[in-house]
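Peer 1: Handing you a structure now.
A short reminder: the numbers here are calculations on the coordinates, not readings from a lab. Quantities reported herein were computed from a predicted structural model and do not represent experimental measurements. Virtual Cβ from ideal backbone geometry, glycine too; neighbours counted across all protein chains shown.
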Amino acid sequence: MTAKKTTLEKLDQKTLLKYIQPESQFTNDAKIIAFQILTERNYKFSELEQNYLTELKIKKTDEIEQNKFIHPKYITASNFVFISAGLGIISFSFSLFARDIGEVIGGAISLGSVFLIGFLIRKGISVMKHVLLVFFLLGILLSLKFLPVLIVFYPIEAIIFLIQSILQFLAIIYLYRIPKVGK
């Protein structure tokens, strides 16, 4: 059960002082909030109380770090994105020397963006599934124009592009099948 600051703000100073005692039965969250309220009320803490507050904050930070869980589907989806980016490097390197500097810079930015998306997915940032979906749909729409030419003149790059599209589609499926936190 979590403590609400609005509830604790209604308490008087004497009651809040009971909250911040090390032997009190209240949760660490409630104790930290009580410390915050007393600070806002300009209460002067003893050195012992200040040390206890520091200890509570360290415990809270450790608790947050221990509870940090990244769903395995984020890892799998990021692997698909990284493999897709690796294939992009291979495809890009086939005609690297036949391109002008603007195309090389644009390709490097595109590949860097894919690696960045993969990295952020691996960190468990859920909004990246929407970003990947938007880029994927834009890529598919734009590919309708150049894919027939790619298949005829550059069949290896066309095959790599199709494999990349499949990998990115799989990553999107994995990302959208991750259960929401709290369910």
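Peer 1: Just to be sure I understand: with springs between alpha-carbon atoms less than 10 Å apart, which residue in 92, 161, 153 has the highest mean-square fluctuation in the Gaussian network model of the chain?
Peer 2: 153
Peer 1: Against the empirical 2.2 N^0.38 Å scaling, what ratio does the C-alpha Rg of the chain come to?
Peer 2: Compactness ratio reported: 1.66.
Peer 1: Enter the per residue convex hull volume of region 72-176, computed from alpha-carbon coordinates, in Å³ rounded to the nearest integer.
Peer 2: Considering the Cα atoms of region 72-176, their hull volume per residue is 88 Å³.
Peer 1: On a 0 to 90° scale, report how tilted helix 28-40 is relative to the longest principal axis of the chain, with both axes built from alpha carbons and the result rounded to the nearest 10.
Peer 2: 70 degrees
Peer 1: Helix 72-94 against the longest principal axis of the chain: what's the angle in degrees, Cα atoms only, rounded to the nearest 10?
Peer 2: Once rounded, one gets 30 degrees.
Peer 1: Here are some pairs, 60/180; 4/31; 18/44; 59/180; which of them have Cα atoms lying more than 18 Å apart in this structure? Show your work: numbers first, answer last.
Peer 2: Values: 60/180 23 Å; 4/31 11 Å; 18/44 15 Å; 59/180 26 Å.
Long pairs (Cα-Cα over 18 Å): 60/180; 59/180.
Peer 1: Between 70, 172, 109, which gets the highest mean-square fluctuation from a Gaussian network model of the chain, Cα cutoff 10 Å?
Peer 2: For the chain, modelled as a Gaussian network with Cα springs under 10 Å, the answer is 109.
Peer 1: Applying the Karplus parametrisation 6.51 cos²θ - 1.76 cosθ + 1.60 with θ = phi - 60° to the phi angles of region 125-132, what ³J(HN,Hα) value in whole Hz is obtained for each residue in order, glycine and proline being reported as x?
Peer 2: Listing the rounded values in order: 7, 5, 5, 5, 5, 6, 4, 4 Hz.
Peer 1: Okay, moving on. Normalised by the residues of the chain, what does the relative contact order come to in percent, with Cα pairs under 8 Å and at least six apart?
Peer 2: Once divided by the residue count of the chain, the mean separation gives 25 percent.
Peer 1: Now, a different point. Using 0.36 nm per residue, how much length does the chain from residue 109 to residue 95 gain when fully extended, once their Cα-Cα distance is taken away?
Peer 2: Between residue 109 and residue 95, full extension yields 3.4 nm more.
Peer 1: Could you tell me the ratio Rg/Rh of region 40-132? Both radii from Cα atoms, Rh via Kirkwood.
Peer 2: Looking at region 40-132, the ratio lands at 1.34.
Peer 1: Could you grab the relative contact order for region 72-176? Cα pairs under 8 Å, six or more apart, rounded to a whole percent. Don't skip to the end; give the middle numbers.
Peer 2: Details: 83 pairs, mean separation 53.6, N = 105.
Value for region 72-176: 51 percent.
Peer 1: While we're on this one: Ratio of Rg to Rh for region 73-121, alpha carbon only, Kirkwood?
Peer 2: Using Cα coordinates only, the ratio equals 1.07.
Peer 1: Which residue fluctuates most in the GNM of the chain (Cα springs below 10 Å): 18, 73, 123?
Peer 2: Evaluated over the chain, the most mobile residue of the options is 18.
Peer 1: For every helix of n ≥ 4 consecutive DSSP H residues, a contribution of -39,500 (n - 2.57) applies; sum these over the chain, divide by its total residues, and give [θ] at 222 nm rounded to the nearest 500 deg cm²/dmol.
Peer 2: Value at 222 nm, helices only, nearest 500: -25500 deg cm²/dmol.
Peer 1: Right, something else. Can you tell me the relative contact order of region 117-183? Whole percent, Cα pairs under 8 Å, sequence separation 6 or more.
Peer 2: Details: 21 pairs, mean separation 23.3, N = 67.
Normalised by residue count, the contact order of region 117-183 is 35 percent.
Peer 1: Another question, if that's okay. Nearest 20 debye, what's the magnitude of the dipole of the chain about its Cα centre given +1 on Lys and Arg Cβ and -1 on Asp and Glu Cβ?
Peer 2: 580 debye
Peer 1: Helix 47-66 against the longest principal axis of the chain: what's the angle in degrees, Cα atoms only, rounded to the nearest 10?
Peer 2: Result, in degrees: 30.
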